[in-house]
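Below is one structure, written out as structure tokens; the observations come after it.
A short reminder: the numbers here are calculations on the coordinates, not readings from a lab. All values derive from a computational prediction rather than experimental measurement. Glycine also receives a Cβ, built like all others from the backbone with ideal geometry; neighbour counts cover every protein chain displayed.
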Amino acid sequence: MADFKFEIIKHLGSLSENAKGWKKELNLISWNGREAKYDIREWDPEHEKMGKGVTLSKEEINQLKNILSDLKN
């Protein structure tokens, strides 16, 4: 696997936690020194290991917000 760098610019919230302490989080992350994007993925308690996730631009996160607000319970 290729080396990459990341910096969690801002922790926005936790969605869930599993029995091993890994949390699914929404964070603002800069990948390889690029502009920070919104990111949803699981992290170990020390934020050293991560699971697969999805990274979204500001436009995409706003569109997701619109879709979620339109959901009927």
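Structure above, values below:
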quantity: Net lengthening on full extension, Ser14/Lys72 (0.36 nm per residue, minus Cα-Cα); calculated: 18.6 nm
quantity: Distance in nm between pseudo-label sites at Glu60 and Trp31 (7 Å out along the Cβ direction from Cα); calculated: 0.8 nm
quantity: Neighbour net charge for Asp44 - beta-carbon separation under 10 angstrom, K R +1, D E -1; calculated: 0
quantity: Per-bin percent of Cα-Cα distances, region 6-70 [5 Å]; calculated: 4, 17, 26, 25, 15, 9, 3, 0
quantity: Calculated [θ] (222 nm, deg cm²/dmol) that DSSP helices of n ≥ 4 give over the chain, each run adding -39,500 (n - 2.57); calculated: -5500 deg cm²/dmol
quantity: Lysines whose Cα lies under 26 Å from that of Lys72, excluding same-chain neighbours fewer than 8 positions away; calculated: Lys24, Lys58
quantity: Stretch gain in nm, segment Lys24-Asp3, where the contour uses 0.36 nm per residue and the Cα spacing is subtracted; calculated: 5.3 nm
